[in-house]
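One structure is given here, and the rest of the page talks about it.
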Amino acid sequence: MTKTKRFASASALAAALSFGITALANAADTIKVGILHSLSGTMAISETTLKDTMLMLIDEQNKKGGLLGKQLEAVVVDPASNWPLFAEKARELIEKDKVAAVFGCWTSVSRKSVLPVFEELNGLLFYPVQYEGEESSKNVFYTGAAPNQQAIPAVDYLMDDLEVKRWVLAGTDYVYPRTTNKILEAYLKSKGVAEEDIMINYTPFGHSDWQSIVSEIKKFGSAGKKTAVVSTINGDANVPFYKELGNQGLSSEDIPVVAFSVGEEELSGIDTKPLVGHLAAWNYFMSVDTPENEAFIDTWHGFIKNDDRVTNDPMEAHYIGFNLWTQAVEKAGSTDTDKVVEAIIGLETPNLTGGKAVMLKNHHITKPVLIGEIQDDGQFAVVWETDAEVPGDAWSDFLPGSKDIVADWTPPISCGNYNSVTKKCSGQNY
Amino acid sequence: MPTRLLRSPLSALRLWLLVALALCAFAQAALAGSAELEQGIALIKTNKYDQVEEGVTLVASSRDPRAVGLLAALQDSDLYLRKADGRLFIATRSDAGYDLIDPLTQAPAGTAGKRDLKRIRINNRLRSQLRTAVATLNLTHPEASVRLAAVNEMLDRLDADSLALLRDLAGDEKNAEVRAGMTAAIALADLNADEPARRIEALDQLEGNLHPAVQGGIQRLLDREQDEAVRATAERVLEGLQFKRDLYGFAETLFFGLSLGSVLVLAAIGLAITFGVMGVINMAHGELIMLGAYTTYIVQQLMPEHIGLALFLAIPAAFVVSGAVGILIERGVIRFLYGRPLETLLATFGISLILQQLVRTLISPQNVPVANPDWMSGSWQINSVLSLTMNRMYIIAFCLIVFTALYLVMRRTSLGLQVRAVSQNRAMARAMGVRSARVDALTFGLGSGIAGVAGVALSQLTNVGPNLGQSYIIDSFMVVVFGGVGNLWGTLVAGMSLGVVNKILEPWAGAVLAKILVLIFIILFIQKRPRGLFPQKGRAAEG
């Protein structure tokens, strides 16, 4: 085990050497934007695309004449999927490069790692990925989904439309699945689901031998009640999981799997035949047919010079986050953190699915929830969606510890975890 | 709050359609069956989930022999609407566009361009409806195997109509197996009969039937049953089922364990040569596996039409690629570091990072898709409870073949003899005229090549990406150390037993804890027997 740790720090060192020295530009006449996404290591698979998305958005903005009459300049760093390195890189971006805002992070653990840095140095972070909630920082804007914008509506869909009675909550063993499953378990019980009708299972990162777990699910599902799997299995562990489902003959009609971490990007690397009919819950699908989305996809294909590349939900989150930030900077007339934080609340921008994203007082945004069925071309066909955007809820209403807590960054509360019963803001900064 | 967006009725169009259909139906009242078929097809053409659902019901209830082909095509998402004239076709992809088949007559109907057709979309609700519908229609199929599959499919979703049909058919059924299936289905329905005697009779008939629907049915009966005699019978039958289930469950766990074990053995066996025999701590071993997996991908890309053949060709190709890289590493780096294990460890770790980043830069940071040939997917159904997945069976067989081949190379060839001589006593071997430098390179190449072959096998089970190797390197070392350094048999026994132990622990400890427990067990075991399961004997062992 220590061996792995030593490898990790060695790789971090190597990465730091190769990527640390970024453009030492002639600063004064540009506004710098930091991009904090892993370009090497485990998470490179997902995060590289987001780096390219940000470069594209900045490029587009510069073509439109920049911001406040200045050109935008991207500062790309590589935290190499190494969580402590995220904090170092964040510090470097804010202190050394003096970036106006940072767009980055994917895993919750990387966000938790940079959080103290952003609060200490009063920086700005736009975080584009769906996460477990239970957090609201003055310096972070959460443009991905909170649990009530993804997990809860998905469970509602399974319960109401597919009449699911028995639940398997399967996840990778880390903070996002554990918190999400805790919320879901509490939610299911509040809906009258019995203890023995819920099965919870955790597997390590990159788990590839799913035989016994799938066989358990099969047994669990043969009790005569409709069963579904709610999957918070992360990243590429999904591929062998779905393959095993197919091989053991569990089809999506028998036991549908609804996943929160499987999107177009993840599907583009695999043969989707065994997955057809399984579900995913997101706030955006590439297949959504709106003029905004068509334009976005065209710009993306033009920028990346490859028409086979897909778009996905976190890309849309960056698109929304970036547009909200530029609007806020224009409104505030400055890139100063405090002024932008004040200006951005209440601003709205069109999302790519034909609705509007509004920045809320708790630093989350409004999002529609879409459920899609996987098709054999790796795209999703939308089978259900909420009729209006759902406002993101930082603190879940279904956990005993966070029921009474609200986040509101406008005066008079100005607090990320305000207890509405005791009328007190907890001592924490977030 | 949420609404069913796509289920919202398009009332005007629908009303018009229904009126039209009603008129149509009136006109053709005499031909009731085919009229239902026509109506159903018209509804399917709307391509709206809820109307397609009604359409499928109509087509199915027409009992028209032509309906099966249509519904089966819809179930496989092969049914398309030609935009020009609104006709339905079964379409299969060809080079130019699509080849069309008429869904009712199954006759070829020309071709169409990619943009001329629109697929009839289906969702899960429709898929499950279609499955039942196709099964019902297949009950009268001439092939006994198709009838049997149909009966098993319907077992737990019988409605009054199909039950009546089953009762009709059961008497005439010639095939014993199919008849037994039908009897079971009827018995399952009879569990709801009013007279307790019939319920007991039904329970007796279901005794020993392992179909999952049977257990669910009896469980539901027990939940509501008042009659003591029926309860007693139900409990007895259920207990018998449970016993059988446990028995097969154990066999299944054993199979899972052996298949995990063979993956471990495959990943570790190359290391057993380089680490076990040569004593080189090769941290890039995982990356050599990864190169083998990528070779499979590239060979498949070169011949996309023959996925299965490509897999066979990939075996020697991966052996050559990984072997060559292995020899390069040995000649370029490792040979300067013999006798300095710490430096070897660091250097090979550096190489592993270089190889990973090389793949990231040259191919893609994303995982690449490696296709499974059809004969690798699916499972061998022994009974309703026990089924062995095909890909795992091939992996077990492949592992044993690789092991045997390697064992023969080490025991029966002059290379093997020289390798063993050099590893046991380098100086003496050189004195006897063995060119030890060449043997070192070849041995390392052999171990690396075997790692590449393991990569071909792993590409069928897991993701092929730059990180593939990292996930196996620790497991590989674990197996080799546990088995006893320098012993191939040790690797085989250690890999298989770790696999089985892991799978036995997994159901009650969870996947994470099971891994930890196995690791703790190995640490304790190594404390007791530092040389592993099968310690090497002789002079080399002392050194």
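Let me have the relative contact order for the range B:139-226, percent, based on Cα pairs under 8 Å that are six or more residues apart.
On the way: 65 pairs, mean separation 21.3, N = 88.
Here the relative contact order equals 24 percent.
Expressed as a whole number of Å, what is the distance separating the alpha-carbon centroids of the range A:319-395 and the range B:283-311?
The two parts, judged by their Cα centres, are 42 Å apart.
Please find the FRET efficiency linking B:LEU362 to A:SER420, where r is the Cβ-Cβ separation and R0 is fixed at 60 Å, and quote it to the nearest 0.05.
Values: r = 56 Å, r/R0 = 0.93.
After rounding, the FRET efficiency stands at 0.60.
Under a plain spin-label model, where a point goes 7 Å from the Cα along Cα-to-Cβ, how far apart in nm are A:LYS64 and A:LYS273?
4.5 nm
Can you work out ³J(HN,Hα) from phi for every residue in the range B:243-252, in order, using Karplus 6.51 cos²θ - 1.76 cosθ + 1.60 and θ = phi - 60°, giving whole Hz and x for Gly and Pro?
Rounded to whole hertz, the list is 4, 4, 4, 4, 4, 5, x, 5, 4, 5.
Taking the beta-carbon count within 10 Å as an exposure proxy, list B:SER94, B:SER34 from fewest neighbours to most.
Values: B:SER94 11, B:SER34 14.
By the 10 Å Cβ count, ascending: B:SER94, B:SER34.
Could you run the Karplus curve 6.51 cos²θ - 1.76 cosθ + 1.60 with θ = phi - 60° over the range B:480-489 and give me ³J(HN,Hα) per residue in whole Hz, x for Gly and Pro?
5, 5, 5, x, x, 4, x, 9, 5, 4
Rounded to the nearest 500, what is the 222 nm mean residue ellipticity of the protein assembly as shown from helices alone, with -39500 (n - 2.57) per DSSP H run of 4+ residues and division by all residues? Show your work: numbers first, answer last.
Numbers: 34 runs with 517 residues, N = 973.
Helix contribution divided over all residues of the protein assembly as shown: -17500 deg cm²/dmol.
Excluding B:PRO466 itself, calculate the net charge of residues whose Cβ lies under 12 Å from the Cβ of B:PRO466, where each Lys or Arg counts +1 and each Asp or Glu counts -1.
Working: positive: B:ARG360; negative: A:ASP236, B:GLU287.
With Lys, Arg at +1 and Asp, Glu at -1, the neighbours total -1.
Considering only the other residues whose Cβ falls under 14 Å of the Cβ of B:ALA35, what net charge follows from Lys and Arg at +1 and Asp and Glu at -1?
Once all neighbours under 14 Å are counted, the net charge is -1.
Where in chain B lies the longest segment free of GluC sites (Glu not before Pro) that are both loop residues by DSSP (not H, G, I, E, B) and have at most 13 other Cβ atoms within 10 Å?
The answer is B:306-543.
So what is the relative contact order of the range A:169-255, in percent, for Cα pairs below 8 Å that sit 6 or more residues apart? Please list the in-between numbers first.
On the way: 75 pairs, mean separation 35.7, N = 87.
The value is 41 percent.
How large is ³J(HN,Hα), in whole Hz, for each residue of the range B:331-341 in order, when computed from phi with the Karplus curve 6.51 cos²θ - 1.76 cosθ + 1.60 and θ = phi - 60°, using x for Gly and Pro?
Working through the residues one at a time gives 5, x, 10, 5, 4, 7, 10, 4, x, 10, x Hz.
Amide H neighbours of A:LEU67 under 5 Å, counting only residues 5+ apart in sequence or on other chains, H built in-plane at 1.01 Å?
A:LEU72
Out of the DSSP beta bridges found with both residues in chain A, what percent are antiparallel (nearest 5)?
Working: 21 of 55 bridges.
Counting DSSP beta bridges with both partners in chain A, the antiparallel share is about 40 percent.
Take the alpha-carbon centre of the range A:287-312, take the same for the range A:124-151, and report the distance between them in whole Å.
24 Å
Can you list, by residue number, the Cys in chain A that have no neighbouring cysteine C-beta under 4.7 Å?
A:CYS105
Give me the distance between the Cα centres of the range B:447-522 and the range B:141-198, rounded to whole Å.
Centre-to-centre distance over Cα atoms comes out at 46 Å.
Restricting to the protein assembly as shown, what percent of DSSP beta bridges are antiparallel, rounded to 5? Don't jump to the answer; show the numbers that get you there.
Working: 40 of 74 bridges.
Antiparallel: roughly 55 percent of the beta bridges in the protein assembly as shown.
What is the set of long-range amide H partners of B:ALA109 at a cut-off below 5 Å, with H atoms built 1.01 Å from backbone N?
Residues meeting the criterion, in which the H sits 1.01 Å from N, are B:LEU100, B:ILE101, B:ASP102.
With +1 on each Lys and Arg Cβ and -1 on each Asp and Glu Cβ, how big is the dipole of the range B:139-226 about its Cα centre, in debye rounded to the nearest 20? Don't skip to the answer; put the middle values down first.
Details: 9 positive and 17 negative charges, 20 e Å.
Magnitude of the dipole: close to 100 debye.
How high is the relative contact order of chain A, in percent, counting Cα pairs under 8 Å that sit 6 or more residues apart?
Details: 836 pairs, mean separation 65.6, N = 430.
Rounded, it is 15 percent for chain A.
Can you give the net charge of the other residues whose Cβ lies under 14 Å from the Cβ of B:ASP85, counting K and R as +1 and D and E as -1? Please report the intermediate quantities before stating the final value.
Values: positive: B:LYS45, B:ARG82, B:LYS83, B:ARG87, B:LYS118; negative: B:ASP102, B:ASP116.
After counting each charged neighbour, the total is +3.
For B:VAL464, enumerate residues with amide H under 5 Å from its amide H, sequence gap 5+ or separate chain, H modeled in the peptide plane.
B:VAL368, B:VAL370
Every read-out reported here was derived from the displayed coordinates using simple, explicitly stated rules and does not represent laboratory data. Just so it is clear, the model here is predicted, and its values are computed rather than measured. Reconstructed Cβ throughout: ideal geometry from the backbone, glycine too, with neighbour counts over all protein chains shown.
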